[in-house]
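One structure is given here, and the rest of the page talks about it.
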Amino acid sequence: MKASSRRAFLGTLGSAALAGCLGAPSGGGDAVTLYAGAYHWGFVAFDESGGELDRAVVDRGASVTLVAFNTGAERVVRTLPAAIREALPDHETLEERNEGRVPPPRNGTLHERLEAANERYPDHSLAVMPSGGNHMGGMGGGMMMHPVALPRNASSPATVRLSASRRGDFTFSCRTYCGYGHPYMDLDGAIVVG
């Protein structure tokens, strides 16, 4: 099996297995759908209407459906609801967002590093973990959702159902090495469970 085919298969298998491991969300809370797009080197989050979110506030006990995708996965982006496709910032806008978050490299420019990463490291992943920790460390520490693969060659988004059972702030974090800016690829406090 080719490496790219194996990666796509494992990404699909991983998201299906993940949904089973988490179990069905608990009843009694509202149902919320969030969209999370991974790009070099950050995340964009949207509500169902396409409104971009700095953070999504959900009630404890809510059932959260998280639809995650790689913004460079053109086939996936075409399958998203029109409101999400239309709200998705273009490549240049996403690159500009990096300028304030990712320190410039000692050699070359951030743009050069970004273009190299787009070619050499096109894939991302999404994990959801408590905010305020060292996200580059181990896989434990109260992770709300273990990483879901978001390959650029995917044909559908990864959809995971979670239960917002624990109060606190949770961060989106990439766990797949994606080039120079990878250590800065998170969205701190993306989900707040109140």
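The values are calculated or read from the model by the stated rules, or taken from the named source; none is laboratory data. Just so it is clear, the structure is predicted and the values come from calculations on it, not from any experiment. Positions of Cβ are backbone-derived with ideal geometry, glycine not excepted, and every protein chain shown enters the neighbour counts.
Residue by residue, here is whether (1) in a loop (DSSP other than H, G, I, E, B); (2) in contact with a Lys or Arg (Cβ under 6 Å, 6 or more places away or on another chain); (3) without any contact (Cβ under 8 Å) to a residue 24 or more places away in the chain; (4) of a type in the set (A, V, I, L, M) holds:
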site: LEU66; (1), (2), (3), (4): no, no, no, yes
site: GLY72; (1), (2), (3), (4): yes, yes, no, no
site: ARG78; (1), (2), (3), (4): no, no, yes, no
site: GLU86; (1), (2), (3), (4): no, no, no, no
site: GLU92; (1), (2), (3), (4): no, no, yes, no
site: GLY100; (1), (2), (3), (4): yes, no, yes, no
site: ARG106; (1), (2), (3), (4): yes, no, yes, no
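Within the stretch 30-62, the residues that satisfy the criterion of being surrounded by 20 or more Cβ atoms within 10 Å (Cβ to Cβ) and touching a helix residue (DSSP H, G or I) at 6+ places or on another chain (Cβ under 9 Å) are TYR35, GLY37, TYR39, HIS40, TRP41, GLY42, VAL44, PHE46.
For the stretch 78-134, what are the residues that are of a type in the set (Asp, Glu) and within 26 Å of HIS146 (Cβ to Cβ)? Lay out the reasoning, then the answer.
Step one: filter the stretch 78-134 for residues of a type in the set (Asp, Glu), giving 86, 90, 92, 95-96, 99, 112, 115, 119, 123.
Hit for the stretch 78-134 is ASP123, nothing else.
For LEU80, the criteria (1) of a type outside the set (Val, Ile, Thr); (2) over 20 Å from ASP186 (Cα atoms); (3) over 16 Å from the mean Cα position of the chain (by Cα) hold in every case but one, which is (3). Being touching a helix residue (DSSP H, G or I) at 6+ places or on another chain (Cβ under 9 Å), in contact (Cβ under 8 Å) with a residue 40 or more places away in the chain and assigned to a strand (DSSP E or B) is a property that ARG161 has. Restricted to the stretch 111-134, and to residues there that are in contact (Cβ under 8 Å) with a residue 60 or more places away in the chain and part of a helix (DSSP H, G or I), the residue that is nearest to ASN70 (Cα to Cα) is ASN118. For the stretch 148-169, the candidate set comprises residues that are buried (at least 23 other Cβ atoms within 10 Å of the Cβ) and modelled with pLDDT under 95; within that set, the residue that is nearest to LEU80 (Cα to Cα) is LEU162.
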